[in-house]
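J.: This is the structure I want to talk about, given as structure tokens.
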Amino acid sequence: MTNQPYDHVLTEMLQTASELLVQKPDAEWLFWTTFLLKEIQSIAPAQSYLDLLAQLQEAIAGQLAELAS
């Protein structure tokens, strides 16, 4: 059993966004990913956004380490 939250609407929307993103040239992926982060930043409390970025940084480091092994 996982402790991960699940929302079928949000999951479907993010899967669709991911599918659309990877249809763009690789050079645009960073732009669209950071666009999403900026959208979150514009509506999230500042400390919550900072916490998100720190957690995201750790998650990315973990994925990089996993892919490197």
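J.: Of the heavy-atom accessible surface of the chain (probe 1.4 angstrom), what whole percent is carbon and sulfur? If you can, show how the numbers build up before the last one.
T.: Numbers: 4020 of 6420 Å².
Using a 1.4 Å probe with all protein chains present, the chain comes out at 63 percent carbon and sulfur.
J.: Next question, about the same structure. Rolling a 1.4 Å sphere over the protein heavy atoms, what is the accessible area per residue of the chain, to the nearest Å²?
T.: On the way: 6420 Å² over 69 residues.
In whole numbers, the chain has 93 Å² accessible per residue.
J.: Let me ask something else about it. So which helices of the chain fit the span-like rule, where a helix is a whole DSSP H run, its Cα atoms reach 24 Å or more along the axis, and its mean Kyte-Doolittle is at least -1.0?
T.: Values: long enough: 26-43 (27 Å, 0.33); 46-68 (33 Å, 0.48).
Helix filter hits for the chain: 26-43, 46-68.
J.: How big is the dipole moment of the chain about its Cα centre under a simple scheme where the beta carbon of each Lys and Arg is +1, that of each Asp and Glu is -1, and everything else is neutral? Debye, nearest 20, please.
T.: On the way: 2 positive and 9 negative charges, 26 e Å.
About 120 debye.
J.: May I pose another question? If you compute Rg/Rh (Cα atoms, Kirkwood Rh) for the structure shown, which of (1) 1.23; (2) 1.13; (3) 0.99 do you land on?
T.: Working out Rg/Rh (Cα atoms, Kirkwood Rh) from the coordinates points to (3).
J.: At 7 Å along Cα-to-Cβ for each site, give me the label-to-label distance between Ala65 and Asp7 in nm.
T.: Result for the modelled spin labels: 2.9 nm.
The values are calculated or read from the model by the stated rules, or taken from the named source; none is laboratory data. What you are looking at is a predicted structure, and each value in this text was computed from that prediction instead of being measured. Note: ideal-geometry Cβ built from the backbone for every residue, glycine included; neighbour counts use all protein chains shown. Surface areas here come from the heavy atoms of the whole protein model, side chains and all, with no ligands, DNA or RNA. Shrake-Rupley method; radii C 1.70, N 1.55, O 1.52, S 1.80 Å.
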